[in-house]
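Everything below concerns the one structure shown next.
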Amino acid sequence: MKRRSPRPLRAGPIVVGIDTGGTFTDLVAIAGGEIRVHKVLSTPADPADAVIRGLCEMLAGIDTAPESVTYSSTVATNALLEKKGARVALFTNAGFEDLIEIGRQNRDDLYALAPSRPEPLVGRAMRFGVAERTLFDGIIIKSLSRMELARIRRLAARSLADAFAICLLHSYANPKGEESIARALAPLGRPLTVSHRILAEYREYERFSTAVVNAYVAPRMSSHLKNLETRLQGTRLRVMQSNGSAIGPELARAEPVRTILSGPAAGVIGAASLARAFGTDRFITFDMGGTSTDVSLFDRRARIRTLSHPDGYAVRTPVIDIHTVGAGGGSIARIDAGGSLQVGPDSAGADPGPACYGRGESCTVTDADLVAGRLVAENFLGGQMKLYPERAERALSRLARAMKTNPIAAARGIIRVVNANMERAIRVITVERGYDPRDFALLAFGGAGPMHACELALDLGIGRIVMPRNPGLLCAWGASSAPLGREYSLTVRETNPNYRGLVARASALVRRAHAELGAEGAAAIRHELWADMRYRGQSYELEIALTPRFVADFHSTHRRTFGHCAASAAVEVVNIRIRAVAGDSLARPRRIARQAGKPTPVSSGRVLVGGRERTVPIYERASFGAGARVRGPIVVVELSSTAYVAPEFTLRVDDFGNLQLEAAR
């Protein structure tokens, strides 16, 4: 099964979406309604190498350079996770230097006798107190003197810091102090993060932590984007944000904290653009890649949350509500000290990769899928990349000996354990938040998602699965379809406010968002207003659309979320948020031709079905036309992924080429 030569793209602007993953870098190009896709191995040392190589290979023979490239990047994420960020100096009010280390009293693990916390990103010696104090209402009771600003500048110059974070109390109410320090430090020419510019909200710990994370990853992200812009030779670069919209490289360099979950967010946006075409607006995204699995609940819209904790650090920027677990194709299987089988979170990554890639020795989920027959070696990446089944078998055999069983049983054990890890992740975003997963379709994508979706759905009681075209490239598709966007917030802290008053308070943010998007050449700008609301006295909020009935919506949402409401209680609006997006996407799914006759398998193979091996037909996805129907068990191969359809499901191909799987009732 050889990979077909790509058809030439039609004339017209070429729009490209790129997603850099832990194992592969995925690319999608769209021009004149035609689509071209490609995958290359990621290059962790310099992610730009894989991007440029992938573009050259995908657009070989095309003279026209892409008009725009929208890029979901892992550079900021990896800098944080690998602790390879900048040396940061923090300037804050005297007496509050340890606030980022003290944090909150919340404990992630209530039963841990010795809970661990991440080390602060700024050492104690690099936290400098300044003589300034602003009250909660914006009144300054101690201003920064010229002598104090000169002292701050000297401390900064001597610190040898790569970046500065400026975080003063109550700067959301009055930013004068932070702006004064920023002006004093600007001549030093190092990246500056000013807390109120990123987050104009109260709760100092979250604002300080967000600013510090931003400063920590900014130099690495900035140099990477400058390098990428230079190598793209004038093509307009856009960067995915964690909230599902895109920004220009200037803002991405200044505020890279907004990109930390950009890859998973692109997957949700891509899933949403496809789901609209085939009429589904309630689904669970299941994105299983090489390193991790990302799941999210889409209930008529993507759910946005404003607080996340990447690697344990509080970051208060808008992100699509995505739950991530260390379960992917590269997840390493091992026997722990107690003799139990563990899978992940450690991953073999792209280098050395799973044993079957030919370089590594670790036994991974990909090796288990290959030995189980659910991955077809001859068609991996459309035949572009050679796999070594004998190496996977040796790795499984070593693990099987430790388990005192055979390689097939070991492969089955690995698949069951990794599925259990992913099942728990889906329960977090459904059952634990008051939703029944059986009410949703499972939209499975990523390189490994379609191989595991059927058994996962059966365990959760989900009766419908959708596997989109090019499932291993859906994040890149999502990046290509992401609109330009801006999101800003403002703390108001008003009790029982009226709708018109809140809209008036938000008007300055609306003008700012429209002006910034317009400066980037955006058209058709639209915006939404949201309010963070709570009953007066509560310490947590619910995000409610700011409409004339926002108070009634708050009460009903509170009842659904917590099981009760208090309609007569005073309601407080803590923050107002604006989300503005612009432009129409060129990334629209295309209809495919109707099926002519019955699909014919290209071969067959021995596949682990349930607890035993069976001979199963193997189909090429390209041979399916709209309306085709096949009963499982089968295996479906294509460039970006392989799908395993369990015997409990019947496969139907819709008009857009998506595989719709229905469980027998």
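The table that follows gives values for the structure above.
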quantity: Calculated [θ] (222 nm, deg cm²/dmol) that DSSP helices of n ≥ 4 give over the chain, each run adding -39,500 (n - 2.57); calculated: -9500 deg cm²/dmol
quantity: Reciprocal of mean inverse Cα separation for the range 175-311 (Kirkwood radius, Å); calculated: 17.1 Å
quantity: Computed log₁₀ I(q)/I(0) - Debye formula, equal Cα scatterers, no solvent, the range 32-188, q 0.12, 0.21 Å⁻¹; calculated: -0.77, -1.31
quantity: Relative contact order computed over the range 603-663 (Cα-Cα under 8 Å; 6+ residues apart), in percent; calculated: 26 percent
quantity: Charge dipole magnitude, Cβ of K and R +1, D and E -1 - the range 384-433, Cα centre, debye nearest 20; calculated: 140 debye
quantity: Convex hull volume of the range 99-234 per residue (C-alpha atoms, cubic angstrom); calculated: 151 Å³
quantity: For the range 275-317: rounded, prolate or oblate by the Cα gyration tensor [a/c cutoff 1.5]; calculated: oblate
quantity: Over the range 484-582, equivalent-ellipsoid semi-axes from the Cα gyration tensor in Å; calculated: 28, 13, 10
quantity: Kirkwood estimate for the range 603-663, i.e. one over the average of 1/r between Cα atoms, Å; calculated: 11.8 Å
quantity: Extent along principal axes [Cα atoms of the range 363-402; Å; largest to smallest]; calculated: 34, 15, 12
quantity: Which of G627, V609, A646, positive extreme of dipole for the range 603-663 (C-beta unit charges); calculated: V609
quantity: Exposure rule at most 16 other beta-carbon atoms within 10 Å, DSSP loop GluC sites (Glu not before Pro): the chain longest free segment; calculated: 362-665
quantity: Lys pairs, the chain - Cα-Cα below 29 angstrom, 8 or more residues apart or on other chains; calculated: 10
quantity: Nearest-ten-degree value, helix 204-231 long axis tilted from longest Cα axis of the chain; calculated: 60 degrees
quantity: Pairs of Cα atoms farther than 16 Å apart, the range 569-628, %; calculated: 72 percent
quantity: Helix axis angle, 449-460 relative to the chain longest principal axis, alpha carbon, degrees; calculated: 80 degrees
quantity: Fraction in percent of alpha-carbon pairs per bin - 5 Å, the range 60-115; calculated: 4, 11, 10, 11, 15, 15, 11, 6, 4, 4, 5, 4, 1
quantity: Principal axis dimensions, the range 518-658 - Cα atoms, whole angstrom, descending; calculated: 66, 47, 22
quantity: Degrees, to the nearest 10: 176-185 long Cα axis against longest axis of the chain; calculated: 80 degrees
quantity: Principal axis dimensions, largest first and in whole angstrom, of the range 281-369 by Cα; calculated: 42, 30, 26
quantity: The range 344-484: proportion of alpha-carbon pairs further apart than 23 angstrom, %; calculated: 43 percent
quantity: The chain: projected area of the alpha-carbon convex hull, averaged over directions, in nm²; calculated: 30.5 nm²
quantity: Relative contact order of the range 1-124, pairs being alpha-carbon contacts under 8 Å that are 6 or more residues apart, as %; calculated: 21 percent
quantity: Loop-located chymotrypsin sites (Phe, Trp or Tyr not before Pro) in the range 522-617 whose Cβ has at most 11 other Cβ within 10 Å (DSSP); calculated: Y540
quantity: Average Cα contact separation per residue, the chain, under 8 Å, 6 or more apart, as relative contact order %; calculated: 13 percent
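All of the numbers you see were taken from the coordinates with simple rules; none came from a lab. Since the model is a prediction, treat every value here as computed from it, not as a measurement. We place every Cβ from the backbone using ideal geometry, glycine too, and count neighbours over all the protein chains shown.
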